[in-house]
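One structure is given here, and the rest of the page talks about it.
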Amino acid sequence: MRVTAVRGVTPDLVGPVWRTLPWRALAAAGILGLLVAATPLVTGGEPAPWQTLLLLRGIALIGALGLAFLLDDPARHLTAPLPTPRPVRQALRVALVTPIAALWWAAVLLLTPSASRPPVGEVTLEAVAVGVLALAAAALAVRLTDEARPGPFVAAVLLLTAVLAPLLAPEGWALFAQADDPRWPAAHDRWAVLAVGAAVAGALCGPEPLGRGARRIRGAGAPV
Amino acid sequence: MTSMTPTVSASGLSLHYGRTRALDDVSLRLTPGVTGLLGPNGAGKTTLLRVLATAVPADRGAFTVLGHDPASARGRQEVRRRLGYLPQTPGFHPDFTAFEFVDYVAILKELADRRERHREVRRVLDEVDLGDVRGRRIKKLSGGMRQRVALAAALVGDPGFLVLDEPTVGLDPEQRMRFRELIAGAGEGRTVLLSTHQTEDVAMLCHRVIVMAAGAVRFDGTPAELTARAAGRVWNSTEKDPGAKAGWRTGTGSFRNVGDPPPGAEPAEPTLEDGYLLVLDGADTEVTA
């Protein structure tokens, strides 16, 4: 049986991994987000800029809650000790869902009233940061637990964090500034740092640890 | 004990979950054929299998599989290329067909050539008698069939070391018998480590048996040697003997007792289960905090 490197099998993995994605959670989050985004359009309301910003932040959170399920894998226990490394499988899942998430976010932005829409770049950065946080939390849950489906737990933690963060974050951080607030640029510097930090943390959670405490006995492994 | 070159060697494996000792200085070596792993719930069997399957690293100790040491990333990769693993609760993607699921596992096992891989997937599905239903979705299969899909997934790629964690749990007698045939076949030419609660499985399948309790190995030998532990320590009586370590009423109405027989007791032929009970007697049977 010919065995090749990971590079050779990754294209063949695309189809099966696509089918293993948690489509119900992703679709539920996507549809709910679009419905919320379309609310002003449907009702004919003209929301204030702060209301549109709040709406977009809420939709970004909904999308992130869907992404919290991305690394759920009911067959995890069976597929864990297989040669294709976990980071490859996780990266493939993220890569498959990223274009869809980008299209979804573009649709959300188009549905919101342009007159009160906050700067697109900055609000997109916030959405990316929240999404990456959700993925990092999911990667951490996979790393630290044996759960095949940590998604509900991750989503609950994310939701709780989203509720508590505006209340408990230091005033100086101003992550949730309004667009006309002078702290808006500094806030988005922090969003960028948060996104990069979460991405690095998520990537570090991918590889499986080789040892716990790395305390090994000299000569162990030899026939006993 | 066989003198064959070991395919799996482990030395001083220990693992703690918090303050709970799941594995306590486990050393063993496995040779081709089926080795049974017996022990009560919480004895550390699944933990040992997961460590040997590289699903979880040990705190201390080391092991090699077919000459490869999983202590390095490259070594672990080499071990995984030679490993088949059937966990206690396999889990499936229910919308996959049996063929698609085993093919997915085969891709993850780095079988890149599609034609060869599909041939291999068909081979293992035929081997576990699922050739006729390979196009059926897993959610439409019975529990026994799903278990055989998981076995096919473990067998794909012809691994040299097969780790099976209680594969016959929940199967009816006919399915268990069929599974025994499959495991016996799988044990021809490769090393199989079979965790089970069924002493009959061990008696029928295994050339060797390891008994674990409280995370440690309590017995390591042949089934005949385990049975011999109970020689002269099993007797029948009309009442349950209060001095027996274990005793139960049999179908004939008499009591079968295991332990230290009283003078004049009517001896009975020992079984592997009697030996197992006596090995466990006095041992802490659960992992300790």
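Every read-out reported here was derived from the displayed coordinates using simple, explicitly stated rules and does not represent laboratory data. As the structure is a computational prediction, the values presented were derived from the model and not from experiment. Glycine also receives a Cβ, built like all others from the backbone with ideal geometry; neighbour counts cover every protein chain displayed.
May I ask for the angle, rounded to the nearest 10°, between helix A:6-20 and the longest principal axis of chain A, with both axes built from Cα atoms and the value confined to 0 to 90°?
50
Report the net charge of residues surrounding B:Val202, where surrounding means a beta-carbon distance below 15 angstrom and charges are Lys +1, Arg +1, Asp -1, Glu -1. Walk me through the numbers on the way to the answer.
Working: positive: B:Lys45, B:Arg176, B:Arg180, B:Arg208, B:Arg218, B:Arg229; negative: B:Asp165, B:Glu166, B:Glu200, B:Asp201, B:Asp220, B:Glu225, B:Glu273, B:Asp274.
It works out to a net charge of -2.
With a cut-off of 18 Å, note down the residues of the range B:88-116 whose backbone N falls inside the zone around a label point 7 Å from the Cα of A:Arg24 toward its beta carbon.
Label zone hits: B:91-97.
By how many degrees, 0 to 90 and rounded to 10, does the Cα axis of helix B:143-155 deviate from the longest principal axis of chain B?
Between helix and principal axis, roughly 70 degrees.
Return one number: the angle in degrees, 0 to 90 and rounded to the nearest 10, between the long axis of the Cα atoms of helix A:151-168 and the longest principal axis of the Cα atoms of chain A.
The answer is roughly 40 degrees.
Nearest 20 debye, what's the magnitude of the dipole of the protein assembly as shown about its Cα centre given +1 on Lys and Arg Cβ and -1 on Asp and Glu Cβ?
Numbers: 55 positive and 50 negative charges, 204 e Å.
Around 980 debye, computed over the protein assembly as shown.
Please list 3J(HN,Hα) in residue order for the range B:210-224, calculated via the Karplus relation 6.51 cos²θ - 1.76 cosθ + 1.60 where θ = phi - 60°; whole Hz, with x for glycine and proline.
So the J values, rounded to whole Hz, are 10, 10, 10, 8, 6, x, 10, 7, 9, 8, 8, x, 8, x, 5.
Take every DSSP beta bridge with both residues inside the protein assembly as shown and express the antiparallel ones as a percent of the total, to the nearest 5. Walk me through the intermediate numbers first.
Working: 30 of 48 bridges.
If I count the DSSP bridges inside the protein assembly as shown, around 60 percent turn out antiparallel.
Under a 5 Å amide H to amide H cut-off, with H placed in plane at 1.01 Å, what residues pair with B:Val8 once short-range neighbours are removed?
Under 5 Å from the amide H of B:Val8 lie the amide H atoms of B:Leu30, B:Leu66, each far enough along the sequence or on another chain.
Could you give the size of the charge dipole of chain B about its Cα centre, using +1 on the Cβ of each K and R and -1 on the Cβ of each D and E, expressed in debye and rounded to the nearest 20?
The calculation lands at about 1020 debye.
Share of antiparallel DSSP beta bridges in chain B, in percent to the nearest 5? The partial results should precede the final answer.
Numbers: 29 of 47 bridges.
Among the beta bridges of chain B, antiparallel pairing accounts for roughly 60 percent.
When you count, for each residue, the other Cβ atoms within 10 Å and take the mean per peptide, how do A:118-131, B:8-21, B:48-61, B:167-180 rank with the highest first?
B:48-61, A:118-131, B:8-21, B:167-180
What are the ³J(HN,Hα) couplings of the range A:71-82, residue after residue, when phi is run through the Karplus curve with 6.51, -1.76, 1.60 and θ = phi - 60°? Round to Hz, x for glycine and proline.
Coupling constants for the range A:71-82: 9, 5, 8, x, 9, 3, 5, 7, 9, 4, x, 10 Hz.
Can you list residues whose amide H is under 5 Å from B:Arg60's amide H, if they're 5+ apart or on another chain and H is modeled 1.01 Å from N?
Close amide H contacts, sequence-distant or interchain: B:Ser14.
What ³J(HN,Hα) values, in whole Hz, does the Karplus curve 6.51 cos²θ - 1.76 cosθ + 1.60 give for the range B:258-271 when θ = phi - 60°, with x put for Gly and Pro?
Calculated HN-Hα couplings, in order: 10, x, 9, x, x, x, x, 5, 7, x, 10, 5, x, 10 Hz.
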